[in-house]
Amino acid sequence: MNNGSGIQELMAAETRASQIVADARLARGDRMKQAKADAQELIDAYRAEKQEEFNNSVLAAGGSGGSASAKLQAETNNEVQIMEGQFQRNSQKAIDVLLSKCCEVSLEVPTARIRSTQKIYGKV
C-alpha cells in the first residue's frame, strides 16, 4: 500500500503544482493588463501636455497661422488665374483641332479591308 499512497501523494502534489502555475499565469496576465493601462495613462498625459505646449507656441507665434494661410490662398488664386489665362488662349486652338479631325473624312477604302471583304463573300 505504500506504493499506492506514494503515487497518490505525487499526483496530489502535481495537481497542486499545476494549480499554482495556473494562478501565477493569471496573476501575470492581470499585472500586464494593469501595466498597459498605467502606461496608456502616462502616454495620454504626455500627449496632452505636448499638445498644449504646441497650441501655446502657435498662438504666441501669431495666432492660428493666418499669415501662412493667406499666403497659400494668394498663391492658389494666382495659379488659378494663370490656368484660366492659358485656357482662354488655347481653347480656340483645341476647338480647331477637334473640328479638323472630325471633318476630315477619308473616302478611300483600305486595300486590306477590300481583301477581307472579298474573302468573306468569296469574290477572290
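The values are calculated or read from the model by the stated rules, or taken from the named source; none is laboratory data. In this text, all values refer to a predicted model and were calculated from it rather than measured experimentally. Neighbour counts run over all protein chains shown; Cβ positions are idealised from the backbone, glycine included. Each accessible area value is taken on the protein alone, full model and side chains, heavy atoms only, with ligands, DNA and RNA left out. Shrake-Rupley method; radii C 1.70, N 1.55, O 1.52, S 1.80 Å.
Give me the number: length gained by fully extending residue 23 to residue 120, i.e. 0.36 nm times residue separation minus the C-alpha to C-alpha distance, one decimal in nm.
Here the segment from residue 23 to residue 120 would lengthen by 26.2 nm.
Give the ranking of 116, 18 by solvent-accessible surface, highest area first, calculated with a 1.4 Å probe.
18, 116
State the percentage of accessible surface on the chain attributable to carbon and sulfur atoms; use a 1.4 Å probe and exclude ligands, DNA and RNA. Spell out each step's value before the answer.
Working: 6850 of 11610 Å².
That fraction is 59 percent.
Average the reciprocal distances over every distinct pair of alpha-carbons in the stretch 2-124, invert the result, and give the Kirkwood radius in Å.
25.9 Å is the Kirkwood radius here.
Given DSSP loops and a limit of at most 12 other Cβ atoms within 10 Å, what is the longest stretch of the chain that contains no such GluC sites (Glu not before Pro)?
By the stated rule (loop sites, at most 12 other Cβ atoms within 10 Å), 1-103.
What whole-number value in Å² describes the accessible area per residue of the chain for a 1.4 Å probe?
94
In whole Å, how far is the Cα centre of the stretch 48-124 from that of the stretch 4-40?
Comparing the Cα centres of the stretch 48-124 and the stretch 4-40, I get a distance of 68 Å.
Does the stretch 27-76 come out rounded, prolate or oblate, given a ≥ b ≥ c as the square roots of the eigenvalues of its C-alpha gyration tensor, rounded meaning a/c under 1.5 and, failing that, prolate meaning a/b above b/c?
Prolate is the answer for the stretch 27-76, as a/c is 1.5 or above and a/b outweighs b/c.
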